[in-house]
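Some notes on the structure that comes next.
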Amino acid sequence: MISFSKLLLDQQNFGDSLRYNKDAKISTRGTTTDKGPIVVWNCTRTCNLNCRHCYAEAVNTYDSGELSTQEAMAFMDTLVSYKVPALLFSGGEPLMRRDVFDLFEYGNKIGLRMVISTNGTLIDKQKAEMIKKLGISYAGISLDGLKDVNDLFRGVSGAYVKAMEGFHNCREVAQKTGLRLTLNRANYKELPAIFDLIEKEKIQRVCFYHLVYSGRGSNITDEDLTHDETRKAIDFIIEKTLEFHSRGIETEILTVDNHCDGIYLYEYMKKQDKKRAEKILSLLTTNGGNRSGMAISSVDWEGNVYIDQFTRDISLGNIRNMSFADIWDGSGNLFLEMIRDRKKHLKGRCASCRWLNQCNGNFRARAQSTGDFWAADPACYLTDEEIGV
Ligand code: SF4
């Protein structure tokens, strides 16, 4: 994640203490040397929507292979012992999991920091109250555009209205929420209206995701922004971050899944404020770029462990057979060794890029979509001149 709020404005939020910690880039098994990774748990494959970009290839039926309540609670115990800073419940749609509120209650009892990534459409007043009461620190609600674009992209008419109700219900109980939006050719022109919505609805946090070509997302690569459109989108997000701040609107603004954004931000700021640009470069170097398999881990509904939520055809092991801690420690796992020391394995532009210490080769799941896991990330929109090749 690239925090535009932190890099441009020095705003400090929870994730920044992990992201820009001095230990970050030297920690191979966690966010910092004394903590485990952030764990994204796709706790169910079931979803009530049918999004075109779903990396988990969610379905509207129940998967009988899901971890049981007991298995899930034992897994959560392990995460506390392994000192994970946060467990992110994702899906499918996490609220479709039948025992999800029992799991929230359990996580709260054992002191696990929990966040959810949800489509928001099922958050009625009662569920909003329970989410708040059971200690969910943050609910990220996905919208992929305004009404028509969102509903087309998410595959269900009425999804936008329901998601907005979810936002409102959370706000009424003072539950911290944010908006998650995956940039694509359909919603890119709506960015000004999306920022109007953020302002009008007083949304506290917004994450703009880049498309990762994984799961159903691999079928819509032609709907991803061109490199030129990406640059324009990032220009706009920078300008709005600064403009919001100048008007006293302190929404936390981040982009996700493309580390080129940090370098682009640095180059942008170099032309305007050299001192700020050097600060940005120092923060990016402290962070070290993509940290899949190190600071980020993912577990699916059947207990398979991955380096991140997108790299799903290389399982590191299953928590039904081995503890999460043993899998993540990775003794004898050659793939984990390689991903944790990946610079020497990268190919193409990434191999000779001058920003390797700030980007770390970006997303391997997107490289894999080219047929070579170690190839350059095709979503790198920086020019040859900018990366020094
Ligand atoms: S060439 Fe690779 S390492 Fe360099 S900025 Fe682009 S994606 Fe990152």
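Here, each number is a calculation from the coordinates, and none is a lab measurement. None of these values were measured; they are calculated from a predicted model. Neighbour counts are summed over all protein chains in view; Cβ atoms, including those assigned to glycine, are modelled from backbone coordinates with ideal geometry.
A few points about this structure:
- Longest to shortest principal axis, alpha-carbon extents of the stretch 118-216, angstrom: 38, 30, 23
- Extension gain for Glu223-Lys347 works out to 42.1 nm (0.36 nm per residue, less the C-alpha to C-alpha distance).
- Quick note on the stretch 148-303: its Rg to Rh ratio, both from C-alpha atoms and Rh being the Kirkwood radius, is 0.97.
- A simple spin-label model places the labels of Ser68 and Ser282 5.4 nm from each other, with each point 7 Å out along Cα-to-Cβ.
- Approximating the spin labels as points 7 Å out from Cα along Cα→Cβ, the Asp23-to-Glu250 distance works out to 2.8 nm.
- Computed over all pairs of different Cα atoms, the Kirkwood value for the hydrodynamic radius of the chain is 21.1 Å.
- Dividing the mean sequence gap of close Cα pairs (under 8 Å, 6+ apart) by how many residues the stretch 127-228 holds gives a relative contact order of 29 percent.
- Given their separation in residues at 0.36 nm each and the Cα-Cα distance between them, Lys189 and Phe236 gain 15.8 nm when the chain is fully extended.
- Neighbour-count ranking [beta-carbon atoms within 10 angstrom, fewest first] of Arg45, Arg340, Arg364: Arg340, Arg45, Arg364
- Bridges between two residues of the chain, per DSSP, are antiparallel at a rate of about 15%.
- Kirkwood hydrodynamic radius over Cα pairs of the stretch 262-354, then Stokes diffusion coefficient at 4 °C and 1.567 mPa s, in µm²/s: 84 µm²/s
- Percentage, to the nearest whole number, of Cα pairs in the stretch 283-334 over 19 Å apart: 27 percent
- Projected-area mean, the stretch 1-82, by convex hull of Cα positions, square nanometres: 7.9 nm²
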